[in-house]
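Below is one structure, written out as structure tokens; the observations come after it.
The values are calculated or read from the model by the stated rules, or taken from the named source; none is laboratory data. Keep in mind it's a predicted model, so treat the numbers as computed, not measured. Backbone-built Cβ (ideal geometry, glycine too); neighbour counts: all protein chains shown. The accessibility values were calculated without ligands, DNA or RNA, using every heavy atom of the protein model including side chains. Shrake-Rupley method; radii C 1.70, N 1.55, O 1.52, S 1.80 Å.
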Amino acid sequence: MNTTFERDLDAKGYIDEPIDPTIDIIAEIQRLKKEKNAVILAHYYQDAEIQDIADYIGDSLGLSQQAAKTDADMIVFAGVHFMAETAKILSPSKKVLLPDLKAGCSLSDSCPPHLFAKFKEQYPDHLVITYVNCTAELKALSDIVCTSSNAVEIVESLPKEQKIIFGPDKNLGDYVKKKTGRDLVLWNGACMVHEIFSQDKITDLRKQFPKAKFIAHPECEDHILAQADYIGSTSGMLKYTIEDSAQEFIVATESGILHQMQKSSPTKIFIPAPPNNVCACNDCPHMKLNTLEKLYNCLYYELPEVDLPADVIDRAKKPIERMLEISERFGL
């Protein structure tokens, strides 16, 4: 690696090389994908132009399943750092790239592995379930990983007498507690995007759109979920908007999902639930660090690469595979 690239990656987190303005960047990305046998996996929270060029768009469960089964030599992960780590854990022989290494996660940051390890020591007879939105090191401390698509089913798959620690998201954990009736020990973590929705603004929106269904992600706080007509993962919310007869939806999650909702139901109206600030919608600043230009440079230069120590991969892979096995059993 030359010193310019090293400086970019250290200081910026991405390759900041100029791109010829005369090229068709989308066509070039498609050419490079074919040339390098690469696959682009994108989360629903990415910008629309990245979603439109991706080979697969999904939530954390779907993306994990795709990463585990792809026959590509290279995975370009348009998402955040923990997602690229998960892909590397499931496909350790493949090169995994992330357009911007600084695309992190506030929820993941809220649970440092060394502190969680001490927390875990207080409950030696508890099984540990961690939400996929966490570091590889935290997954390596876990017994089972879950996503918002399968958290309820994973908890319900365990014997009722089994004691459980659930982390790092306290809001998802509280939702799972209510759905399953299980007494989970929760880590006190949360997602910055899902914790700042304004109840008053949502109430006002519902008055403006009295026929709209209000749908919310289970990472939202309880007082927001209490108003919801439907609670589910991003893929669950998308499916609900396709299948439900309502023509208007107020959506409480990161606004990137609205692109797929609008594509799937072009005649319906989708309104982003507003946060407690001056913004009209709620964007994840980490997800939005990825751009089409960074994606092109990432694929062209095959950097930044996400790698992990072999022992972390070995320890983290087992709880992820348990999740995938349970999900398959439940048809998720």
Along the range 309-325, Karplus-curve 3J(HN,Hα) (6.51, -1.76, 1.60; θ = phi - 60°) to the nearest Hz, with x for Gly and Pro, reads x, 4, 5, 5, 4, 4, 6, 7, 5, 4, x, 6, 5, 4, 4, 5, 5
Residues of the range 20-96: accessible area per residue at 1.4 Å, in Å²? 38 Å²
In whole angstrom, note down how far apart the Cα centers of the range 142-193 and the range 30-54 are. 32 Å
Please report, as a whole percent, how much of the solvent-accessible surface of the range 17-170 comes from carbon and sulfur atoms (probe radius 1.4 Å). 49 percent
Quick one: how many Å² of residue 259 are accessible to a 1.4 Å probe, rounded to 10? 50 Å²
What does the accessible area of residue 239 come to, in Å² to the nearest 10, when a probe of 1.4 Å is used? 110 Å²
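Just in the range 7-58: which GluC sites (Glu not before Pro) are loop by DSSP and have at most 15 other Cβ atoms within 10 Å?
Qualifying residues, ordered by number: none.
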For residue 245 and residue 310 in the same chain, what is the full-extension length gain: residue separation times 0.36 nm, less their Cα-Cα distance, in nm? 18.5 nm
Antiparallel bridge percentage (DSSP; both residues within the range 159-318; nearest 5): 5 percent
Report residue 322's accessible area, 1.4 Å probe, all protein chains in place, as a number in Å² to the nearest 10. 90 Å²
Taking all protein chains as present, what is the carbon and sulfur share of the accessible area of the range 224-332, in % to the nearest whole number, probe 1.4 Å? 54 percent
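Determine how many Å³ per residue the convex hull of the Cα atoms of the chain encloses.
Normalising the Cα hull of the chain by residue number yields 147 Å³.
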Which of the lysines could a cross-linker span from residue 288 if the Cα-Cα distance has to be under 21 Å and same-chain partners fewer than 8 positions apart are dropped? 12, 102, 263
